[in-house]
There are 2 protein chains.
Amino acid sequence: MATASRALSPRGSASDSTRLRVAAAASELGYTPNPAARALATRTGTRIAVVVGGHTAHVLNDPYVARVTAATASVAASREVGVSLHWLPLHDPAELGRLTESRDVGGIILVNPTEPALATVPRSARGRVAAIGIGSRIVPSFDVDNATGTTNVLEHLLVTGRRRIAMITGPAWLPCTRRALTAYQRATEAAGTPPRLIPGDFTATRGHHAATEILTRWPDTDAIFALGDLSALGALDALRTSGVNVPGDIAIAGFDDLPYATLSHPPLTTTTNPIESITTAAATTLLDRQTAPPLTLHPSTLIVRATT
Amino acid sequence: MATASRALSPRGSASDSTRLRVAAAASELGYTPNPAARALATRTGTRIAVVVGGHTAHVLNDPYVARVTAATASVAASREVGVSLHWLPLHDPAELGRLTESRDVGGIILVNPTEPALATVPRSARGRVAAIGIGSRIVPSFDVDNATGTTNVLEHLLVTGRRRIAMITGPAWLPCTRRALTAYQRATEAAGTPPRLIPGDFTATRGHHAATEILTRWPDTDAIFALGDLSALGALDALRTSGVNVPGDIAIAGFDDLPYATLSHPPLTTTTNPIESITTAAATTLLDRQTAPPLTLHPSTLIVRATT
DNA sequence: CCTTGCGGTGGAAGCGCTTCCATGGGTGGG
DNA sequence: CCCACCCATGGAAGCGCTTCCACCGCAAGG
């Protein structure tokens, strides 16, 4: 029985002949290991937790969170482990601590945590925690390369003759916002055009207001780049309501390439956010107990549709 | 130790005083039960599987699946169990059988399975399986009340003076499609208008084509009801491109109330699909080992926006 | 030819729970 | 006032695995 255990485990020391015989016997007997027993014996977790900052069940409606959860669940399924979804105030060390101490949790994926929140992760647990949508030295992080994504969008706008490009940002505390902002500032500087920045929060409503504000503050704007497709679509709606011709008068581009993007009229130019591959990388790192670099960036590819 | 176990378990027979003392000691010692050990001892699963029909990772992009997964994960988290997501050919008994036999799986939520697929669920496993988006006598099912939802939409259209109402359906094998279809036929019959049916598949592309087809086959159509917001938005797009005034010439209504619905121009009239509460009901049934009626329907509420 | 060392093997303990079972102290009926 | 009965309690077995440890047989070195 000890031998069988070793033969079945990739790390166990068993001779090849034994390994083969065990495998044959296992398939003949229809044997499947019991993950619960294994988890009990090895004191490892049997599920991986996706943790989102915030209090309410509202996270369920966030397509970003849903995609992360679904992708994690899919990776986990192949490893015979589960996934659980939590929302909690990320600044509250007690909550997060309780989760990291739960022997049942083999890994934690933090969605868009703040740097201070990350600091509350107990040192002992850091090997079991990865973050998505952030770059941090505390735990390995995974995100879309929004600097390059932003640069690509802006270059595309410049190539198509736009010069006075306004940007609707995301929450300022989000590293991805900051990275995109830097890219925007660099691009506008290189093009010799002054930056036109309006803070946003990824929502359509905010995008709508932001576009209106842009129209009044800088009436000669000829392009709007919104971090997040929802904001872009909100802005598009505002412009159309104001009788602005898109893309004739003003071009619009978003970020993320949500399914929404193809549904607008005209369809939205955007750049992809490969959430699934980002999540898969994070989950794999956790599940295989690999050590990952502080920040892994996944490429974003420009999708030119009809708003530019 | 036996007493502590009983005191902590809701079903165990322990006196109230003991229960209280155990609870006090537990919180003082910072005791948390080990789900793996419990699963091992009780021979119950440590996760609940969400199973979607189909072969590819495409399911990850389906907002419906993502919402089901996220909601399941959230219920499961409160019970200290996990979730895993699987896509497999639902007609293949072997795959599903393997999943039901895995002692690690405490419950299975089947998303939109066909009746023949359900029949492949091993009899021994039926108590651990629930279905979403279907009505079946084989396992307990949960769905939105799309008959009433459809009726409400159609009544709204009739009240606003529409008479020649076309409908873009969903896949014919889906029970929810059939229920909605019945409601549509009943409503049009009552209103004395002949039915105008175009098959759909919930996608925007198909909705687009369907609307074009409607325009050519029944040019005097004054309303389109699409099963699924995506199809409705596709139809909206087609009408706008054809220069049709919405809602002036033709009204459009969808089903599901996806976040997309507010982003269109004009915003889409639709009726809600409470996927989260449906999923919660299914997951709770599984986790609490309750016996649920063959079909539980959750109400859909009409959301009137600007396309009607 | 005997000893040392090493890799493969089986025995056995134990991971942290639940539950069967036997025991004991209480209550109600005779 | 005693006996039967019931309910709460603790002992102990076991859920299915992993891993420590002792063991054995082999190849290499003295």
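The values are calculated or read from the model by the stated rules, or taken from the named source; none is laboratory data. Here the structure is a predicted model, which means the values were calculated and not measured. Backbone-built Cβ (ideal geometry, glycine too); neighbour counts: all protein chains shown.
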- Message: Within region A:222-232, does at least one residue satisfy the condition of being surrounded by fewer than 20 Cβ atoms within 10 Å (Cβ to Cβ) and in contact with a helix residue (DSSP H, G or I) (Cβ under 7 Å, 6 or more places away or on another chain)?
- Response: no
- Residue satisfying all of: in region B:272-306; within 14 Å of another protein chain (Cβ to nearest Cβ) and in contact with a His (Cβ under 8 Å, 6 or more places away or on another chain); surrounded by the fewest Cβ atoms within 10 Å (Cβ to Cβ) among these: B:SER277
- Note on the structure: Considering residues that are of a type in the set (Ser, Thr, Tyr), modelled with pLDDT of 95 or more and in a loop (DSSP other than H, G, I, E, B), the number found within region B:250-307 is 3
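How many residues does region B:19-38 hold that are at the interface with another protein chain (Cβ under 7 Å from one of its Cβ atoms), in a helix (DSSP H, G or I) and more than 9 Å from DNA strand D (Cβ to nearest atom)? Spell out the reasoning first.
From region B:19-38, those at the interface with another protein chain (Cβ under 7 Å from one of its Cβ atoms) are B:32, B:34-37; that's our starting set.
Filter once more, so that each one left must be in a helix (DSSP H, G or I): B:35-37.
Filter again for more than 9 Å from DNA strand D (Cβ to nearest atom), leaving B:35.
Residues that pass the stated criteria total 1.
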- Determine, yes or no, whether B:ARG179 is outside any loop (DSSP other than H, G, I, E, B) and more than 30 Å from B:ILE252 (Cβ to Cβ). no
- Filter region A:1-38 for residues that are surrounded by 11 or more Cβ atoms within 10 Å (Cβ to Cβ), near DNA strand C (Cβ under 9 Å from one of its atoms), closer than 27 Å to B:ALA41 by Cα and among the small types (Gly, Ala, Ser) and give the result. A:ALA4, A:SER5, A:ALA7, A:GLY12, A:ALA36, A:ALA37
- Item | Only one of A:ALA76, A:ALA66, A:ALA71, A:ALA41 that is surrounded by fewer than 16 Cβ atoms within 10 Å (Cβ to Cβ), at pLDDT 80 or above and assigned to a helix (DSSP H, G or I) | A:ALA41
- Regarding A:ALA117, is this residue of a type in the set (A, V, I, L, M), out of contact with any Pro (no Cβ under 8 Å at 6 or more places or on another chain) and more than 24 Å from A:ALA281 (Cβ to Cβ)? no
- Within the set of pairs 6 or more residues apart or between chains, which connect a residue that is among the aromatic types (Phe, Trp, Tyr) inside region B:281-303 to a residue that is surrounded by 19 or more Cβ atoms within 10 Å (Cβ to Cβ) and assigned to a helix (DSSP H, G or I) with Cβ atoms less than 9 Å apart? none
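Residue under question is A:ARG11, and the condition is that it be at pLDDT 85 or above and more than 11 Å from every other protein chain (Cβ to nearest Cβ); does it hold?
Taking the combined requirement at face value, the residue does not satisfy it.
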